[in-house]
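This report refers to the structure that appears directly beneath it.
Only the coordinates and a few stated rules stand behind these numbers; no lab work does. Fair warning: this is a prediction, and the values are worked out from it, not measured in the lab. Cβ placement follows ideal geometry from the backbone for every residue including glycine, while neighbour counts extend to all protein chains displayed.
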Amino acid sequence: MGRITKGRRNHYKRLARRALFTFTVALLPVLALPPLPASGATPKTSSLKKRHHRKSKHQTGKKHSQRTAKAGVRHAHKTNPAKLVMPATETSPVLDVAQQYLGRPYRFGSTAGSYDCSGFVRRVFAELGVELPHSAREQFDLGDRIRRDDLAPGDLVFFRTYRKGASHVGIYIAEDKFIHAATRGGQVQVDSLDQTYYASRYLGARRVDPQS
C-alpha cells in the first residue's frame, strides 16, 4: 500500500471537521428540548395557570352561592298564603298552641325559633306539660294507634320520607289537613294528607293525650 501524502492527510482532516460540524448543528435543536417527565409523573402547571384556576374556581363558587340565594328568595315569594291559615273547624288544646307557630322557619335539628318536624311537635306538647322525644321515629312509638278514618284534631300523623320507619311527623287538624314543620315549604304550614307526596308516604297515626 502506498504512503498517504501530506496533502491527502489534510484533505481527510477537513472532511472529518466538516462532518463533525454538520452533526453538531443537526443535534442542537434536540439538546434544546426540555427533559421528558419520568414515567407516571404529572407535568407541572405554571404558577400563572394555577392562579387562573383558583380564580375561576372562586368565581364559580361565588356564582353558585348567588344562584342559591336568589332561588331561596323566589321560593319564599311563592309561598301559598292558604298554607298559613288554620281551617275553621273543631279545635283542640294541641291545635290552639300549634297554630301560634304558623310561618316559623324550618331548620333541621333546631328547637328554638325555628324547628324541624319532630322539634315542632315536641315544642307544642311541651307547652301543654308533655315531654316528647326529639325524634319522629321515637314519637311513633308513643300513645295509642289510630286508624286514618278515626283521626281527631290533635292526633299525630307520621310519614315515611327518606328512610324506613317514621321520618316525618305533623299534627292532624281536620278534613285531611295537618300542620307541620315542612322541609318542602321551609316553614311551619298547613298541608293536606291527600297531596300526592304525603298520601304516598303516609305511615300511620298516634294519639297522645296531653291531659292524661
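Which whole number of Å³ per residue matches the convex hull of the alpha-carbon atoms in the stretch 80-207? Could the numbers behind the result be given before it?
Details: hull volume 12.5 nm³, N = 128.
For the stretch 80-207, the hull spanned by Cα atoms encloses 98 Å³ per residue.
What chymotrypsin sites (Phe, Trp or Tyr not before Pro) does the stretch 159-206 have in DSSP loop regions with at most 12 other beta carbons within 10 Å? For chymotrypsin sites (Phe, Trp or Tyr not before Pro) across the stretch 159-206 that sit outside H, G, I, E and B with at most 12 neighbouring Cβ atoms in 10 Å, the list reads Tyr162. Seen from Leu95, the other residues with C-beta closer than 11 Å to its C-beta sum to a net charge of -2, counting Lys and Arg as +1 and Asp and Glu as -1. Close amide H pairs (under 5 Å, H built 1.01 Å from N) link Leu203 with Phe158, Phe159, Arg160, residues at least 5 positions away or on another chain. Highest average first, the peptides 142-152, 183-193 ordered by how many other beta carbon atoms sit within 10 Å of their residues are 183-193, 142-152.
Based on the Kirkwood approach, the hydrodynamic radius assigned to the stretch 147-212 is 12.0 Å, with every pair of different Cα atoms included.
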